[in-house]
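Engineer: Okay, here's the structure, questions in a sec.
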Amino acid sequence: MSTFTILHKLKLKRSSTREKIIQFYDEATEDYEFWSNDFNMHFGYYIPFKTSILKRDSMLNEMNQQVFDRLQVAKQNSLVADLGCGIGGTIQYGLRKYPLLHIIGVTLSSFQVREGNKRLQHKNGLIIEENYHHTSFKTNSVDGAYAIESFCHSGHSKEALQEAHRILKPNSKLVIADAFLKKDEEQLCIGSNYCYEQLCKGWSLEGLGSIKQVEKTLNQIGFKNVTIEDVSFRVAPSVLHVPFAITTFILKKLFRKEALKPQSWKNLKGSLFALLSGIHTKSFGYYLITAEK
């Protein structure tokens, strides 16, 4: 097979993946309100006596806080990039807590740009339609960047990590909050592999990526002081909300006599297999990664 043919097929695959991601978010975003009143499109972080196991948004917003704590940016006039911002739940949280920050989020979905900016309504926040692989941020222009459960859509690719490194100012930090494989895909047992495949299909993920490989890639790119924190047990209480949230969502749709969109079914299926994947603690983990340029 010629090099041209290989590159052409790779380009088609990337284009197909991009379209699947856009479709996923265009169709499923409006359903995320069932998961979070604040439109946090991620899992939470539980701290005893600070967050409530029964109140999902308290844990989801605590995950936002954990990310901002690790960024360590000046809380006035700093520019922060949200790489894969969804409908802007984390941006809204950040600006409520630190109103003098400037936060710009990027997403592939025009729907999220439109709806997110409507909800944002804050002069220091903005969502733009861009690919986090190739942003319009100038080199060395950003005081901090984070990616909460977004880089998984590219398999935590080197391209995404390199772009984050490019836009950051020297000594600034990138924070990643996401699930990762603890071992290579071919080492997964039958049960883990099935859960993994269904999770990726449901959420239109290219792959979670290996935590060891991501750490290696960050160091190769030039990041320093890379810190890997396994926070699986902190995240687990919010993951346990999945079956209850799914049941409530379906019952509400049935009560209103509304049909579930195909992408909604895929999203719910992905959520269920995220819960099942959490049981395989030797194969999957949730991590907070902090890396300094």
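The values are calculated or read from the model by the stated rules, or taken from the named source; none is laboratory data. Only a predicted model underlies this, so the values are computations on that prediction, with no experimental measurement involved. Every residue, glycine as well, gets a Cβ built from its backbone with ideal geometry; the counts of neighbours run over all protein chains shown. In case anyone asks, the SASA skips ligands and DNA or RNA and just uses the protein heavy atoms, side chains included. Shrake-Rupley method; radii C 1.70, N 1.55, O 1.52, S 1.80 Å.
Engineer: Identify all residues within region 181-216 that are surrounded by fewer than 20 Cβ atoms within 10 Å (Cβ to Cβ) and among the hydroxyl-bearing types (Ser, Thr, Tyr); write none if there are none.
Structural biologist: Across region 181-216, the qualifying residues are Tyr194, Ser210.
Table: residues versus (1) in contact with a Lys or Arg (Cβ under 9 Å, 6 or more places away or on another chain); (2) open to solvent by less than 50 Å² (accessible area, probe 1.4 Å).
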| site | (1), (2) |
| --- | --- |
| Ala236 | no, yes |
| Lys253 | no, yes |
| Arg256 | no, no |
| Ala259 | yes, no |
| Pro262 | no, no |
| Ile279 | no, no |
| Lys282 | yes, no |
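Engineer: Looking at Asn267 and the list (1) at pLDDT below 80; (2) within 16 Å of Glu197 (Cα to Cα); (3) open to solvent by 40 Å² or more (accessible area, probe 1.4 Å), which single condition is not satisfied?
Structural biologist: Here Asn267 clears every test but (3).
Engineer: Continuing with this model, one more query. Restricting attention to region 76-89, which residues are at negative phi and open to solvent by 20 Å² or more (accessible area, probe 1.4 Å)? Working first, answer last.
Structural biologist: Within region 76-89, the first condition is being at negative phi, and the residues that meet it are 76, 78-83, 85, 87, 89.
Scanning region 76-89 gives Gln76, Leu79.
Engineer: A further question on this structure: Of the residues Leu272, Leu199, only one is in contact with a Ser or Thr (Cβ under 7 Å, 6 or more places away or on another chain) and within 24 Å of Asn40 (Cα to Cα); which? Write out each step before concluding.
Structural biologist: Numbers: Leu272 fails: in contact with a Ser or Thr (Cβ under 7 Å, 6 or more places away or on another chain).
Result of the check over Leu272, Leu199: Leu199.
Engineer: Can you pull out the residues in region 90-105 that are more than 16 Å from Arg119 (Cβ to Cβ) and open to solvent by less than 60 Å² (accessible area, probe 1.4 Å)?
Structural biologist: Tyr98, Leu101
Engineer: Sort out for me the helices (runs of 4 or more DSSP H) sitting completely within region 209-274 that have 2 or more residues that are in contact with an Asp or Glu (Cβ under 7 Å, 6 or more places away or on another chain) and farther than 30 Å from Glu292 by Cα. Let's see the steps before the verdict.
Structural biologist: Details: elements: 211-221, 232-239, 242-255.
So the answer is none; nothing clears 2.
Engineer: Go over the candidates Thr51, Thr29, Thr90 one by one and state the one that is at pLDDT below 95 and polar (S, T, N, Q). I'd like the intermediate steps shown before the answer.
Structural biologist: Numbers: Thr51 fails: at pLDDT below 95; Thr90 fails: at pLDDT below 95.
Sole residue among the options that is at pLDDT below 95 and polar (S, T, N, Q): Thr29.
Engineer: Looking at (1) assigned to a helix (DSSP H, G or I); (2) farther than 18 Å from Arg56 by Cα; (3) open to solvent by 10 Å² or more (accessible area, probe 1.4 Å); (4) in contact (Cβ under 8 Å) with a residue 24 or more places away in the chain, which is the only condition Tyr287 fails?
Structural biologist: With (1) assigned to a helix (DSSP H, G or I); (2) farther than 18 Å from Arg56 by Cα; (3) open to solvent by 10 Å² or more (accessible area, probe 1.4 Å); (4) in contact (Cβ under 8 Å) with a residue 24 or more places away in the chain applied to Tyr287, the lone miss is (1).
Engineer: Still on this model: Of all residues in region 52-66, count the ones that are touching a residue at least 60 places away in the same chain (Cβ under 8 Å) and of a type in the set (D, E, K, R).
Structural biologist: 1
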